[in-house]
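Notes follow the structure.
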Amino acid sequence: NQDDILTEIEQAAAQIRERFDAFVVLGIGGSALGPAAVQQALNHLHYNELPAEKRKAPRLYIEDNIDPERMAALLDVIDLKKTCFNVITKSGGTAETMSQYLIVSEALKREVGEGWKEHILITTSQSKGFLIKIARQEGFKTFYIPDGVGGRFSELCPVGLIAAAVCNIDIRALV
């Protein structure tokens with residue numbers, strides 16, 4: 001029953017590939033582990049180091065904690081003006097993910113200015129949590145995590161499929 005959402009993900013991924021050089025997943029637990037597992041299993045082992053013409057997609061970074069050194073290191077290697085962030089939390093309020101969102105949104109506001117919101121994609125619950133409220137208020141492109149899908153089982157919903165599609169993995173074959 002996912003044809004419509006797969007089409008929407010494929011369209012969003014195509015736009016991201018055209019516009020951005022880096023794609024960053026901000027999430028904890030299954031929100032980070034699933035996308036990382038698929039990337040490692042199905043793409044080149046040194047995907048990010050491939051030249052852009054071989055990758056034909058943005059570099060992928062998965063930030064699964066809020067260690068200040070790690071976030072600073074990420075910001076050292078990406079160009080915020082050419083980076084899209086996918087903020088993922090099923091509960092819509094995971095403290096670590098919301099902290100990541102706050103760090104990134106402030107950095108984008110400083111570096112990108114008025115168009116900062118175009119650099120953020122939200123994946124969360126349709127009905128609960130702070131993140132869906134923020135997404136609606138800010139007008140972010142949003143994908144929903146189906147109710148009843150636990151973090152470790154979320155790879156075959158937007159949680160995992162968005163990063164896979166951005167990195168040119170055939171998500172229809174995966175599903």
Estimated vicinal HN-Hα couplings, Hz - region 32-39 in sequence order (Karplus 6.51, -1.76, 1.60; Gly, Pro = x) = 10, 5, x, x, 5, 5, 5, 4
Cβ-based charge dipole, region 60-175, positive-most Cα from SER91, VAL159, SER127 = SER127
message = Need the C-alpha centroid separation for region 1-79 versus region 148-175, integer Å.
response = 12
inquiry  = I need two numbers for region 1-74: Rg to one decimal and Dmax as a whole number, Cα atoms only, in Å.
reply    = 13.6, 42
key: Hydrodynamic radius of region 113-175 per Kirkwood, over alpha carbon pairs, in Å   = 12.8
ask   = Please identify the GluC sites (Glu not before Pro) of region 80-115 that satisfy two criteria: DSSP loop assignment and at most 13 other Cβ atoms within 10 Å. Which are they?
value = none
inquiry  = Can you give the log10 of the normalised intensity I(q)/I(0) at q = 0.12, 0.21 Å⁻¹, computed with Debye over equal Cα scatterers of region 61-151?
reply    = -0.36, -1.05
key: Directionally averaged shadow of region 27-106, computed from the convex hull of its alpha-carbon atoms, nm²   = 5.7
query = Placing +1 at every Lys and Arg Cβ and -1 at every Asp and Glu Cβ, with all other atoms neutral, what dipole size does region 1-95 have around its Cα centre, in debye to the nearest 20?
reply = 160
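Would you kindly work out the equivalent ellipsoid of region 90-135 from its C-alpha gyration tensor and give its semi-axes, the square roots of five times the eigenvalues, largest first in whole Å? All intermediate terms of the calculation are to be shown ahead of the outcome.
Values: eigenvalues 86, 27, 9 Å².
They are 21, 12, 7 Å, listed from largest to smallest.
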Nearest-20 debye value, the chain charge dipole, Cβ charges on Lys, Arg, Asp, Glu = 180
14 Å reach of a label modelled at ASP21, 7 Å along Cα-to-Cβ, counting backbone N of region 59-75 = 59-60, 75
message = Based on C-alpha coordinates, I'd like the Rg and Dmax of the chain, in Å.
response = 14.8, 42
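A short reminder: the numbers here are calculations on the coordinates, not readings from a lab. The structure displayed is predicted, hence computed values, not measured ones. A quick note on method: Cβ atoms are made from the backbone with ideal geometry, for glycine too, and the neighbour counts reach across all protein chains shown.
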